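Okay, structure first, notes after.
Every read-out reported here was derived from the displayed coordinates using simple, explicitly stated rules and does not represent laboratory data. Model, not experiment: these values are computed from the prediction. Cβ coordinates were reconstructed from backbone atoms using ideal geometry, including for glycine residues, and neighbour counts include every protein chain displayed.
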Amino acid sequence: MAYKIISSQCTACSACEPECPNVAIFEKGGTFHINPKKCTECLGHFDMAQCVAVCPVEGTCVIDKSVPRYQAPA
Amino acid sequence: MQKLVQLLEFGAPGAKSLEEIRQQVASAGCSSKGGSGKSSCGSAAGQGDLPPEVWEKVKNHPCYSEQAHHHFARMHVAVAPACNIQCNYCNRKYDCANESRPGVVSEKLTPEQAAKKVLAVASSVPQMTVLGVAGPGDPLANPQKTFKTFELVSATAPDIKLCLSTNGLSLPDHVDRIQAMNVDHVTITINMIDPEIGAKIYPWIFYNHRRYEGVEASRILSERQLLGLEMLTARGILVKVNSVMIPGVNDKHLVEVNKAVKSRGAFLHNIMPLISEPEHGTVYGLSGLRGPSAQELKALQDACEGEMNMMRHCRQCRADAVGLLGEDRSDEFSNEKVAAMEITYDLEARKAYQAKVELEREAIAKAKTAELVKLADETSAIKIQVAIATKGGGRVNEHFGHAHEFQIYEVSTAGAKFVGHRRVDLYCEGGYAAADGAATIIRALNDCTAVLVAKIGICPKDALAEAGIEAVETYAFEFIETSVIAYFKDYLQRVEKKEINHVAKGDADIRQGAFTEA
C-alpha cells in the first residue's frame, strides 16, 4: 500500500512535498498528490510517514488501500 | 543620478524580465547591501534613547518604530505556505486566523511573482520601505522560497529592507543565511518559556523528521526559539518578539517571557491580543476561549514596559498585506494586475519621498517639544486616554465616519504616549450611517475621554457625548501628539474651572478578525 492525499482536505500548503524521501509528492490542479508507484510509506527511511507527520489537517494523508502493499527490498 | 528601469514585458514569464531589471540596476551602480538611509542620524525626531546605529535600522521600518509607522509602509508576500508547528489559535484549513482573514485563501506567489509584485508596489508607493515574509506558514519552513525571494528583491530593489517573521523552530539552522542576505529584522513568535504552558498552546511540532507532541514538543520549540534569538542578537540582527496574549493560558506568564527575551537581547516586544471566534475554526475559537479586553491588554503591556520597548501599534495584518499599517492595498496588486503593469523603478523618487518625511518628522518633534514646554508648569494626577482619527503622516486628518481605526494616546502632565489602536467598522458606509449607529465604535473607544477628528457629523457627536466621549474638531490637520497635549491642557483648565467633571473611564472592546479593506 501507499499513502494518498485526500484532495478535498488538502490546503496546498506544500509542507509535505520537500519532506518525502521518495520525491513521490507533486502538485496538480491546485492540490498535492502522491505517486503510489514511488511511495514506500517511508519504510526504511523514517519511523513515521513524513507526509502524515507534517500535514496540518488531520486525516488528509491516509493509506490508499486500492494499491498493493509496498514490499521493502530484501 | 537617474536610475530609471523600464520593464517592457512584465507579463512575460518571470526570470528573464527580472534578470533584465537586475542587470540595469547593477550597472547603475547600486549597492546590493540595502539601506538607502544617508540622511543625518542625529535627528531628534523619534530617536529617543536608541543608539544611532539602531535608529538607522528602525527609523523607516513601520513595524519596529511607532514613529515610522505614520509615514512608511510595508508589504508582505505570501511565498511561504508550509508550516512546521501547529498552534491552537491557528487553523490552516482556512488560512491562519491571526494572519489572514479566515476563509479567504490568499494568492500564493512564487519567488519570481513575489519579486515582481514588490517592484510594482515600490514604484507606485514610495513610502513602501519594508518587505516581509510572514507566511501564511513559516518562512523558515520554506527556506528555499523565502531566501530566493530575498535574493531577487535585493538585486532589483536594493533600498528595500528585508525582514521575516518565524515561529523559531528552524531558526538556528538559518541564522548564517539570514545574516548573509542582510535581513536585519527578524520577528520570533514566543508565547511561552514554560513547556507545561506551551503544551496548552501547541499540540505538535514537526522536527527532525518526527512529530513531537505535548510538553516535549514545547520544550524543543522553546529551546530552539531562545537559541535562535541569542544567535541573532550576537550577530547584531534586530529581533522583535511577538507574543499572543491568551487569557487563562499565558497572560500572566508573558511577564516571564518578557524578562527572558529582554535578557537575551530582543529589541522590541509586541504583545498582541488573541483573535478568537468560533467561525475561525481554531481550537480556541471552538472551545470558547476569547481574546482580552483593551484594558487587560494595556495592563500587561504596561507591566512589561521597563527597559524594553513595547510595540503597541501592531495591526496583526495579513500575510499578504500591502500599505501603511492599518490599511491594506493588496487588492490593487493581485497577480493578475501586477502581470499587466508596466513598471518603472525610480530609486531617486523614493529617496526624495523619504527625505521629505525626514523634514516632516523634525517639524513634528519640534512642535511636540514646544507644546510640552507649555505643559511643564502644570501638575495634576489626572491621566486620560484620547482617540485620534488619522490616515497617516502623524496628523489628525481623518473624518470620524471614514475611520477604519483610531489611535489611542494616554496623556498626563508627563506628556503624551501612544498606547494602541482600535479597529472599528466604518461608521459611514457609502454616505449612510451604520445601522447600529455609533454603538460598536463607542464600545471600542469606551476607555477614552475624547476623540480628535478632522470632521464629525452631529448624530455621532451627540451619541459619543452621551457615552462621555467628547468629539473634538479643533485640531483638524494638526500634528497628533501636539494636539493631544493641547487638548489635555485645555481639559485640565476646564476641570479646574469646574466647567466639566473629570470622570475615570471604563474598559473597551478589541474588534475580532484581521483587518481587511473589503
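Descriptive notes on the structure:
- Within-11-Å neighbourhood charge of residue B:479 [Cβ basis; K, R +1; D, E -1]: 0
- Descending Cα extents along the principal axes, segment B:255-305, whole Å: 38, 22, 15
- Inter-chain shielding of A:6-12 (mean C-beta neighbours from other protein chains, 10 Å cut-off): 2
- For the residue pairs B:200/B:298; B:145/B:259; A:28/B:161; B:298/B:351, the alpha carbons lie more than 30 Å apart in B:145/B:259; A:28/B:161; B:298/B:351.
- Fraction of antiparallel bridges per DSSP, segment B:377-496 only, in percent to nearest 5: 70
- Computed on the Cα trace of segment A:2-64, the radius of gyration divided by the Kirkwood hydrodynamic radius gives Rg/Rh = 0.91.
- Relative contact order computed over segment A:2-64 (Cα-Cα under 8 Å; 6+ residues apart), in percent: 45
- Projected label distance in nm at residue B:380 and residue A:46, using a 7 Å step from Cα toward the beta-carbon: 6.3
- Quarter of Cα convex hull surface for segment B:377-496, i.e. mean projection, nm²: 7.1
- Long-range HN-HN contacts of residue B:272 with modeled amide H, under 5 Å: B:243, B:244, B:245
- Among the listed pairs B:108/B:252; A:65/B:108; B:57/B:148, those with a Cα-Cα distance over 25 Å are B:108/B:252; A:65/B:108.
- Once C-alpha pairs closer than 8 Å and six or more residues apart are averaged by separation and normalised to the residue number of segment B:375-427, the relative contact order reads 36 percent.
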